[in-house]
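Student: Would you mind keeping the following structure in view while I ask a few things?
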Amino acid sequence: MRPPTSPLMDAVALRDGTLRLKQVPRPDPGPGQLALRPVTVGVCGSDLSAWQHTEQFLQASRDAGMTTYLFDPDRDLVLGHEFVGLVEQVGPGVDGYAVGDMVVGLPYAVDADGQTRTVGYSTAYPGALSETVVVQAAGQIPVPPDVPPWVAVLTEPLTTGTSAVVRSRITPPASTIVTGCGTVGLGVIATLRERGIHPIIASDPSSTRRELARRMGAHVVIDPGDDQDPFAAWRAAGAAEPPVVFEASGAHGLLGRLMARAPMFTRIVVVGTGMLEETVRPVLGIYKNLTIEFCGGPGPGQDYRAELVATLDRLRDGRIDGRTLVTGWCGLDGVPDLFEALRPGNPSAVEHLKVVVVPSERHPKIGSPADLKSLDVFARSTA
C-alpha cells in the first residue's frame, strides 16, 4: 500500500443540512498519529442527529463546554466516527504499527494546540465517510485476521452499550427494560444476558430490530408503536424487583413518559443521545424515588480501551454474532439515501440495523450483506 499522492480525496460532506459526495482536502498524520484508509464505516445515531439537528448539536456542545464536538457549520463536515481502517501512513514518533495493519478504536485526534478533537465531528479532522482519516495511534486496536472488517466496525457502538451496563453495576436478581434496539441497545442486551439478568424486556418500533433483540437475548420484545407498555410487560414477566431501565433510543419525550410509568425506586440509565430539549417533572422523580443516570462512555476508573478489546473478543468468539447485526452495505455515493433510510418519518419503517459504508466502492443502493465478502477491498493485501 502506498500513501496517497493527491491532496484531495472523495468524501461525503455535510453542509446546510445536505449530504453531498465531493472532494475535500486530505488530512496528513502528525506526531503520534496514523493515517488510515477507511475500509468499513458505521453510521451512528449521533451522526443522524448532527445531520438533522445541526444547531442543537452544536449548542449542546457549547453549553456542556465540550470543544471536542465543535465544528464550523459553514464549512464542510465529514462525518464517520465508527470505522475500521488500514494504516496507510505512520506519523512521527509512532511505534507498534505498520503500513497495512487493520485497526479499530477510538475516533480522536490531538491538534497542534493540544486540544482533543473527535474525528467526524471536527472540521479539521474529517471522519471516515472519506478516503483517509487521521487518528491518534494510542487509541487503536489491531483487528484479528479472523474478524471481518464489516463485523469489527461494530466494536465501538456495542461497547457504548456494554459500558452503560458496567456503570450500572447491575447484577441478578435485578430485572431490566431496554428502550431502543439499535446497535447500542443491542450491546446493552448482550451484556445483560452475559450477566444473567432476567427478565430483559426490549422495546423498539422496528420489527427488524425487535427480532435482533430477541436473538441477542431479550426475553420479551414489544412494539411501542402499538401502545405496548414496557412496564406492563415487565410486570407480566413476574419480576420481583424494581427494574433498571436502559434508555437507548434517544426518542424525544420518552424520558418523561418513562418517569410517569415507572414503579417506585426504578433506575433509569440514559445512553441514547437525544438532541432536543425534554420536559420532565421533578416531582414525579421525588414521589417515586427514581434515579436517573446519564451515561456517555466510561465512568471513573473504567478502562474504555480494555472494554473495546473485550467487545472485539466477543465478536471474535461468537458471543455476539456480529454478522447478523449487519443488514446491508453501500458505497460513498449511497450515503445520502442511507441517512434517509435510517431516520424515516415513521420509526416503525426502519428496516435496517447497521448498514456499513465501504468508502472504496461506488454502490448507491443498499446491497445485501452477503455480498461484502466478495469485495476486493477486504482482501488483506498491502499491495
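Student: If DNA, RNA and ligands are ignored and the probe is 1.4 Å, what is the ranking of HIS198, HIS219, HIS363 by accessible area, most exposed first?
Tutor: HIS198, HIS219, HIS363
Student: Pop out the ³J(HN,Hα) list for the stretch 213-222 in order, Karplus 6.51 cos²θ - 1.76 cosθ + 1.60 with θ = phi - 60°, rounded to Hz; leave Gly and Pro as x.
Tutor: Once rounded to whole Hz, the list reads 4, 5, 5, 6, x, 5, 7, 9, 10, 9.
Student: Report ³J(HN,Hα) in whole Hz for each residue of the stretch 183-194, in order, from the Karplus equation J = 6.51 cos²θ - 1.76 cosθ + 1.60 where θ = phi - 60°; Gly and Pro get x.
Tutor: 4, 5, x, 5, x, 4, 4, 4, 6, 4, 4, 4
Student: Mean-square fluctuation check for the chain, GNM, Cα pairs under 10 Å: which of ARG62, ARG169, ARG215 is largest?
Tutor: Of ARG62, ARG169, ARG215, the most mobile in the Gaussian network model is ARG169.
Student: What is the extension gain from GLN302 to LYS22, computed as 0.36 nm multiplied by their sequence separation minus the C-alpha to C-alpha distance, in nm to one decimal?
Tutor: Details: separation 280, 0.36 × 280 = 100.80 nm, distance 3.95 nm.
This chain segment gains 96.8 nm when fully extended.
Student: If you don't mind, there's one more thing I want to ask. Run the quick spin-label model on ALA232 and VAL309: label points 7 Å from Cα toward the beta carbon, then report their separation in nm to one decimal.
Tutor: A separation of 4.7 nm, rounded to one decimal place.
Student: Shifting gears a bit: Quick check: Cα centre of the stretch 128-191 to Cα centre of the stretch 47-87, how many Å?
Tutor: Each part's Cα centre sits 19 Å from the other's.
Student: Still on this structure: Extension gain ARG343-ASP146, at 0.36 nm per residue separation less the Cα-Cα distance, in nm? Let's see the in-between values first.
Tutor: Details: separation 197, 0.36 × 197 = 70.92 nm, distance 3.25 nm.
Gain on extension, ARG343 to ASP146, equals 67.7 nm.
Student: Considering only DSSP beta bridges with both partners in the chain, what is the antiparallel share in %, to the nearest 5?
Tutor: 60 percent
Student: Let me have the 222 nm mean residue ellipticity of the chain computed from DSSP H runs of 4+ only, each contributing -39500 (n - 2.57), with the sum over all residues rounded to the nearest 500. Before the final figure, lay out each step's value.
Tutor: Numbers: 12 runs with 107 residues, N = 383.
Computed mean residue ellipticity for the chain: -8000 deg cm²/dmol.
Student: Let me ask something else about it. Quote to one decimal, in nm, the extra length available between ARG319 and ALA260 on full extension: 0.36 nm per residue of separation minus the C-alpha distance between them.
Tutor: Going from the current span to full extension adds 17.7 nm.
Student: Between ALA98 and GLN115, what is the spin-label point distance in nm, taking each point 7 Å from the Cα along the Cα→C-beta axis?
Tutor: According to this spin-label approximation, the distance is 3.8 nm.
Student: Separation between the VAL283 and ARG195 pseudo-spin-labels, each 7 Å from Cα along Cα→Cβ, expressed in nm?
Tutor: Each label point is offset 7 Å from its Cα along the Cβ direction, giving 3.4 nm.
Student: Another question about this same structure. Dipole magnitude of the stretch 27-97 about its Cα centre, charges +1 at Lys/Arg Cβ and -1 at Asp/Glu Cβ only, in debye to the nearest 20? Could you put the intermediate results ahead of the total?
Tutor: Numbers: 3 positive and 10 negative charges, 19 e Å.
The dipole magnitude comes to about 100 debye.
Student: Just GLU340, GLU351, GLU156 to compare: in a GNM of the chain, with alpha carbon springs under 10 Å, which one fluctuates most?
Tutor: GLU340
Student: Could you grab the relative contact order for the stretch 37-165? Cα pairs under 8 Å, six or more apart, rounded to a whole percent. Don't skip to the end; give the middle numbers.
Tutor: Working: 220 pairs, mean separation 38.5, N = 129.
The value is 30 percent.
Student: Next up: Excluding ligands, DNA and RNA, what is the solvent-accessible area per residue of the chain at a probe of 1.4 Å, expressed in Å²?
Tutor: Value for the chain: 42 Å² per residue.
Student: A further question on this structure: Calculate, for GLU351 and GLU241, the FRET efficiency according to 1/(1 + (r/R0)^6) with r their C-beta to C-beta distance and R0 41 Å; round to the nearest 0.05. Each step should come with its number before you reach the end.
Tutor: On the way: r = 36 Å, r/R0 = 0.87.
After rounding, the FRET efficiency stands at 0.70.
Student: Still on this model: Mean-square fluctuation check for the chain, GNM, Cα pairs under 10 Å: which of PRO369, PRO145, PRO31 is largest?
Tutor: Greatest mean-square fluctuation among the candidates belongs to PRO145.
Student: If you don't mind, another one. Using a 1.4 Å probe on the protein chains only, how many percent of the accessible area of the stretch 156-239 belongs to carbon and sulfur? Display every interim value, and only then the final one.
Tutor: Details: 1360 of 2890 Å².
C and S fraction of accessible area: 47 percent.
Student: Given a 1.4 Å probe and every protein chain left where it sits, what share in percent of the accessible area of the stretch 247-383 is carbon and sulfur?
Tutor: The value for the stretch 247-383 is 53 percent carbon and sulfur by accessible area.
Student: Can I ask one more? Set the Förster distance to 35 Å, then compute FRET efficiency between THR208 and GLU293 from the Cβ-Cβ distance, nearest 0.05.
Tutor: 0.75
Student: Where Lys and Arg each count +1 and Asp and Glu each count -1, what net charge lies around ILE366 among other residues with Cβ under 15 Å from its Cβ? Please report the intermediate quantities before stating the final value.
Tutor: On the way: positive: ARG343, LYS354, ARG362, LYS365; negative: ASP333, ASP337, GLU340, GLU351, GLU361, ASP371.
Taking every Cβ under 15 Å from that of ILE366, the sum is -2.
The values are calculated or read from the model by the stated rules, or taken from the named source; none is laboratory data. What you see is a predicted model, and the numbers here were worked out from it, not measured in a lab. Virtual Cβ from ideal backbone geometry, glycine too; neighbours counted across all protein chains shown. For the accessible areas, the whole protein counts, side chains as well, though only heavy atoms, and no ligand, DNA or RNA atoms are used. Shrake-Rupley method; radii C 1.70, N 1.55, O 1.52, S 1.80 Å.
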